[in-house]
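The values are calculated or read from the model by the stated rules, or taken from the named source; none is laboratory data. What you see is a predicted model, and the numbers here were worked out from it, not measured in a lab. We place every Cβ from the backbone using ideal geometry, glycine too, and count neighbours over all the protein chains shown. The accessibility values were calculated without ligands, DNA or RNA, using every heavy atom of the protein model including side chains. Shrake-Rupley method; radii C 1.70, N 1.55, O 1.52, S 1.80 Å.
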Amino acid sequence: MRDSRPQSIESFFEAAEGQSMLQSIQQRAIALNKLNRAVQGVIPAQLHPWCRVANFRQGILVLETANASWMMRLRYEQSSLLSALRAQILPSLTSIDIRINPTLAAKAQENAQESSNRQQKEQGPGRQLSEQSAEILRGVASRSPEKLKKTLERLALLAGESTRSASRDK
């Protein structure tokens, strides 16, 4: 059972039995991170953003997943994951416990958005409209209702633009 009484900050830095509390926490975090990398190497690639190691205690590996559907996919892989981890890194592993953590879904979605933003920046400017396409749009705009006409004309103005920004509030 944990000691839940308040403790002074100094107790975290003092060396008890050759190791401070912060050092033991750091070592535990490093071990869990290493274990997470090993699990990511064994599970299928589509599960990587939706699954992570939460804990390892008393021979039980605790995995977190984003939702119930990913949990079921992980359960299909559970026996192969158990045998692979026993062979590679954890001979003392007895079972795997899978839990749902909805915040993992939000983090995976944020990471996906960041990577798509990075890809867009690396690709440079987006699609460009040719002058020929702009002429066709102007022709269609001349036969269109007023609201659609304004929109098509604004779109035609984007022809050949690559560095300057378009005026969108005309």
Flag if Gln23 is exposed (fewer than 13 other Cβ atoms within 10 Å of the Cβ), in a helix (DSSP H, G or I) and not charged (D, E, K, R): no
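Is it the case that Arg5 is within 18 Å of Ser95 (Cβ to Cβ), basic (Lys, Arg) and either outside any loop (DSSP other than H, G, I, E, B) or open to solvent by 70 Å² or more (accessible area, probe 1.4 Å) (or both)?
On the way: within 18 Å of Ser95 (Cβ to Cβ): no; basic (Lys, Arg): yes; either outside any loop (DSSP other than H, G, I, E, B) or open to solvent by 70 Å² or more (accessible area, probe 1.4 Å) (or both): yes.
For Arg5, the condition - within 18 Å of Ser95 (Cβ to Cβ), basic (Lys, Arg) and either outside any loop (DSSP other than H, G, I, E, B) or open to solvent by 70 Å² or more (accessible area, probe 1.4 Å) (or both) - is not met.
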Subset of the range 39-57 that is within 15 Å of Arg99 (Cβ to Cβ) and under 19 Å from the mean Cα position of the chain (by Cα) - its residue that is surrounded by the fewest Cβ atoms within 10 Å (Cβ to Cβ): Ala54
Determine whether the range 47-66 contains at least one residue that is in contact (Cβ under 8 Å) with a residue 24 or more places away in the chain and charged (D, E, K, R). yes
Count of the range 84-98 residues which are open to solvent by 70 Å² or more (accessible area, probe 1.4 Å) and touching a helix residue (DSSP H, G or I) at 6+ places or on another chain (Cβ under 8 Å): 1
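Does the range 58-83 hold any residues that are β-branched (Val, Ile, Thr) and either under 12 Å from Ile96 (Cα atoms) or exposed (fewer than 15 other Cβ atoms within 10 Å of the Cβ) (or both), and which are they? Steps first, answer last, please.
Step one: filter the range 58-83 for residues β-branched (Val, Ile, Thr), giving 60, 62, 65.
Listed by number, the residues that qualify are Ile60, Val62.
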Inspect all residues belonging to the range 133-147 and state whether any of them is open to solvent by 80 Å² or more (accessible area, probe 1.4 Å) and under 30 Å from Ala31 (Cβ atoms). no
Count, please, the residues in the range 100-129 that happen to be surrounded by 12 or more Cβ atoms within 10 Å (Cβ to Cβ) and either in contact with a Phe, Trp or Tyr (Cβ under 7 Å, 6 or more places away or on another chain) or in contact (Cβ under 8 Å) with a residue 40 or more places away in the chain (or both). 4
